[in-house]
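Below: one structure, written as structure tokens.
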Amino acid sequence: MDVGGYLIPKGATVNFMVAEMGRDEREWENPMQFMPERFLPGGDGEGVDVTGSKGIRMMPFGVGRRICAGLNTAMLHLEYFVANMVWEFEWREIAGEEVDFAEKLEFTTVMAKPLRAQLVRRSID
Ligand code: HEM
């Protein structure tokens, strides 16, 4: 089979570099910038399809017949969880400890400098 000019032999194992999709400048504006607002209306990630049925720009849950069975549960809970964490707390860097996205390869890829944050409870009056 020919995929984008590459001949894939029958029975070959194909590994998709999922993280590289998120770093692709042809797909994402300033991909290395942490910009969660890109997924809001008007952003380059607005309405992105994570199921792979319209196209694939990111695939955190895999795609196709073995796509994550918990996708909808996970998305619902993550949105609820993140919304509450931002609603309840202000998230700050610890003085003198800048957030550093440098990576280190262990069993999985982890942050070279573990992230520590200072949480300040918001006053909800
Ligand atoms: C942020 C949360 C989650 C992420 C990023 C995630 C991601 C994934 C990925 C990448 C796969 C492999 C897909 C493939 O083989 O192509 C997978 C499979 C699976 N996930 Fe999740 N998952 C999450 C949460 C959950 C939850 C909450 C459940 C259950 C309640 C769940 C149940 C499953 C099951 C059963 C499979 C195997 C599906 C199969 O092989 O047919 N996942 N998930």
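The values are calculated or read from the model by the stated rules, or taken from the named source; none is laboratory data. Note that the structure is predicted; figures quoted are calculated from it, not measured. Here the Cβ is made from the backbone with ideal geometry for all residues, glycine too, and neighbour counts use every protein chain on show. With ligands, DNA and RNA removed, areas are computed over all heavy atoms of the protein, side chains included. Shrake-Rupley method; radii C 1.70, N 1.55, O 1.52, S 1.80 Å.
Brief remarks follow.
- Taken over region 27-48, the residue count meeting the criterion of being surrounded by 10 or more Cβ atoms within 10 Å (Cβ to Cβ) and either farther than 20 Å from Val82 by Cα or assigned by the TED database to the domain that holds Val86 (or both) is 7.
- Scanning region 101-125 for residues that are open to solvent by less than 60 Å² (accessible area, probe 1.4 Å) and under 22 Å from the mean Cα position of the chain (by Cα) yields a total of 4.
- Enumeration of residues in region 35-76 that are aliphatic (A, V, I, L, M) and within 13 Å of the chain's Cα centre (by Cα): Met35, Val48, Val50, Met58, Met59, Met75
- Being modelled with pLDDT under 95, part of a strand (DSSP E or B) and under 23 Å from Pro31 (Cβ atoms) holds for only one residue in Glu79, Glu93, and it is Glu93.
- Candidate set: region 52-76, residues that are modelled with pLDDT under 95, exposed (fewer than 11 other Cβ atoms within 10 Å of the Cβ) and outside any helix (DSSP H, G or I); chosen: the one nearest to the ligand (Cβ to nearest atom): Ser53
- Test: residue in region 77-86 that is farther than 23 Å from Val14 by Cβ, within 16 Å of the ligand (Cβ to nearest atom), surrounded by 11 or more Cβ atoms within 10 Å (Cβ to Cβ) and more than 17 Å from the chain's Cα centre (by Cα): yes
- Failed criterion for Asp44 (all others in (1) touching an Asp or Glu at 6+ places or on another chain (Cβ under 6 Å); (2) under 24 Å from Leu115 (Cα atoms) hold): (2)
- Residue check, Ala19 in contact (Cβ under 8 Å) with a residue 40 or more places away in the chain and either of a type in the set (S, T, N, Q) or within 16 Å of the ligand (Cβ to nearest atom) (or both): yes
- When Asp44, Asp49, Asp24 are checked against the criterion of being within 16 Å of the ligand (Cβ to nearest atom), of a type in the set (D, E, K, R) and part of a loop (DSSP other than H, G, I, E, B), a single residue qualifies: Asp49.
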